[in-house]
Amino acid sequence: MPLPHPERLSDLIGSIYDCVLAREKWHATLTSVFQEIGCSNAVLTVHDLRTSALKLNLHVGIDREWIVQSPRYGAETLEIWGGPQRVASYPLEEPIVQSQATPRSSWMSNAWYREMAFPRGLHDCIGVCLVRDSRTVGAIAFGVHQDRGDVTDDTL
């Protein structure tokens, strides 16, 4: 998937900056971004690395059951990326592909994947650590549906 036209890319970046001033714009902005890169959903989260609790959980392209159930999977969502310590070591602002971070063969033993992602046809995920301190990590993740296939370098 080629990069968006420079004007479109500029619009997307501008939308992200607009969200700083108007939080209500996050849903529309996240939707525009995940659609532009060919993904099926997006989640903007802040995790407490000590307790695995979700402190912020903005999501688009996700059904009601997922929204209701997601808070109980805080630890599992970190585990599928290698656990809190590994998540805390990922470089900031660099995309990480879930299938490159942990082997697919281990995913079915993860309750979040088995109960939430797999039934919805999610094949992979692209995550980007945006901010981190000694207690929290903020990240954005884009779900990749099985119909799309593997994540390519162009998508990253």
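The values are calculated or read from the model by the stated rules, or taken from the named source; none is laboratory data. What you are looking at is a predicted structure, and each value in this text was computed from that prediction instead of being measured. Cβ coordinates were reconstructed from backbone atoms using ideal geometry, including for glycine residues, and neighbour counts include every protein chain displayed. Accessible surface areas use protein heavy atoms only, side chains included; no ligands, DNA or RNA. Shrake-Rupley method; radii C 1.70, N 1.55, O 1.52, S 1.80 Å.
Taking 0.36 nm per intervening residue step and subtracting the Cα-Cα distance, what contour gain separates Ser99 from Arg86 on full extension? Walk me through the numbers on the way to the answer.
Values: separation 13, 0.36 × 13 = 4.68 nm, distance 1.45 nm.
Stretched out fully, the Ser99 to Arg86 stretch lengthens by 3.2 nm.
From the helices alone, meaning DSSP H stretches of at least four residues, give me the mean residue ellipticity at 222 nm for the chain, per-run term -39500 (n - 2.57), in deg cm²/dmol to the nearest 500. Can you show the working numbers first?
Numbers: 6 runs with 49 residues, N = 156.
Taken over the chain, the calculation gives -8500 deg cm²/dmol.
GluC sites (Glu not before Pro), restricted to the range 1-49: which are DSSP loop and have at most 11 other Cβ atoms within 10 Å? Don't skip to the answer; put the middle values down first.
Details: sites: Glu7, Glu24, Glu36; in loops: none.
Answer by residue number: there is no such site.
Show me the trypsin sites (Lys or Arg not before Pro) within the range 22-105 that DSSP assigns to loop and that have at most 10 other Cβ atoms within 10 Å of their Cβ. Spell out each step's value before the answer.
On the way: sites: Arg23, Lys25, Arg50, Lys55, Arg64, Arg72, Arg86, Arg104; in loops: Arg50.
Within the range 22-105, the qualifying trypsin sites (Lys or Arg not before Pro) (loop, at most 10 other Cβ atoms within 10 Å) are Arg50.
Where the centre of each part is set by its Cα atoms, how far does the range 6-54 sit from the range 68-144, in angstrom?
Using only Cα atoms to place each centre, the spacing works out to 16 Å.
Label Ser109 and Arg135 with points 7 Å out from Cα along Cα→Cβ: what is the distance between them in nm?
Result for the modelled spin labels: 3.3 nm.
With a point put 7 Å past each Cα toward its Cβ, work out how far Thr152 is from Glu7 in nm, to one decimal.
In this crude spin-label approximation the distance works out to 2.5 nm.
If one computes P(r) from the Cα atoms of the chain, what percent of pairs lie at distances over 20 Å? Let's see the in-between values first.
Details: 5811 of 12090 pairs.
So the pairs more than 20 Å apart make up 48 percent of the total in the chain.
Suppose all protein chains stay in the model; what accessible area per residue would a 1.4 Å probe give for the range 1-121, in Å²?
Values: 6960 Å² over 121 residues.
Roughly 58 Å² per residue, with all protein chains present.
Defining a contact as two alpha carbons under 8 Å apart and six or more residues distant in sequence, what relative contact order in percent does the chain show?
Numbers: 232 pairs, mean separation 39.9, N = 156.
Rounded, it is 26 percent for the chain.
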